[in-house]
Amino acid sequence: MKVFGDSGWFLAIHNKRDIHHEEALRILQKIIEKKIQVYTSDYVVDESVTLALARTKSHDTAEALGEGILRSRYVKLLKISEDNFWDAWEFFKEHKHKFYSFTDCTTFILMHEYKIDRAFTYDDHFKREGFRVNFE
């Protein structure tokens, strides 16, 4: 099973006050037990660290989150190529009525490219694009 880790899930793992914290930890436990490969992107790491810094006002917290993602043996980092960037830009423009973030658009492009059909996320945009979320 290949899955994509989104920023909301990463943030929920590291924030005990997040309403999804317990569920995020249960998902993480299943990943460890089943040795599931989680993919994420450089853009999602950027978004996750930036959101952690903005929400907590703590550089140490944001850095710990980034290190947790980047150093995890269960997470494979995918990088947005120039082609991915332009494909995501076109997707962003074509779906303006859905109010997707540009980072989400890059994620959708990568998920299609790498044939990943499931995301660990709390963002309903993924379902709208036909992806499965968490362990539903």
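The values are calculated or read from the model by the stated rules, or taken from the named source; none is laboratory data. Because the structure is a prediction, the values reported are computed rather than measured. Please note: Cβ atoms are built from the backbone with ideal geometry, for glycine as well, and neighbour counts cover all protein chains shown.
Have a look at Lys2, Lys76, Lys93 and point out the one that is touching a strand residue (DSSP E or B) at 6+ places or on another chain (Cβ under 7 Å) and at pLDDT 95 or above.
Sole residue among the options that is touching a strand residue (DSSP E or B) at 6+ places or on another chain (Cβ under 7 Å) and at pLDDT 95 or above: Lys76.
Quick check on Thr40: is it touching a Leu at 6+ places or on another chain (Cβ under 8 Å) and of a type in the set (Val, Ile, Thr)?
Answer is yes for this residue.
Kindly indicate whether Tyr39 is aromatic (Phe, Trp, Tyr), surrounded by fewer than 21 Cβ atoms within 10 Å (Cβ to Cβ) and either in contact with a helix residue (DSSP H, G or I) (Cβ under 6 Å, 6 or more places away or on another chain) or at pLDDT 95 or above (or both).
It is true that Tyr39 is aromatic (Phe, Trp, Tyr), surrounded by fewer than 21 Cβ atoms within 10 Å (Cβ to Cβ) and either in contact with a helix residue (DSSP H, G or I) (Cβ under 6 Å, 6 or more places away or on another chain) or at pLDDT 95 or above (or both).
Can you pull out every residue in the range 69-123 that is under 21 Å from Met1 (Cβ atoms) and assigned to a helix (DSSP H, G or I)?
Within the range 69-123, Ile69, Thr107, Phe108, Ile109, Leu110, Met111, His112, Glu113 qualify.
When you go through (1) more than 13 Å from the chain's Cα centre (by Cα); (2) surrounded by 17 or more Cβ atoms within 10 Å (Cβ to Cβ); (3) of a type in the set (A, V, I, L, M, F, W, C) one by one for Trp9, which number turns out not to apply?
Checking Trp9 against (1) more than 13 Å from the chain's Cα centre (by Cα); (2) surrounded by 17 or more Cβ atoms within 10 Å (Cβ to Cβ); (3) of a type in the set (A, V, I, L, M, F, W, C), the one that fails is (1).
Mind checking which residues of the range 32-55 are of a type in the set (Ser, Thr, Tyr) and not in a strand (DSSP E or B)?
Those that are of a type in the set (Ser, Thr, Tyr) and not in a strand (DSSP E or B): Tyr43, Ser48, Thr50.
I'm trying to understand the selection: among the residues of the range 118-136, which are surrounded by fewer than 20 Cβ atoms within 10 Å (Cβ to Cβ), in contact (Cβ under 8 Å) with a residue 40 or more places away in the chain and not hydrophobic (A, V, I, L, M, F, W, C)?
Scanning the range 118-136 gives Arg118, Tyr122, Asp123, Asn134.
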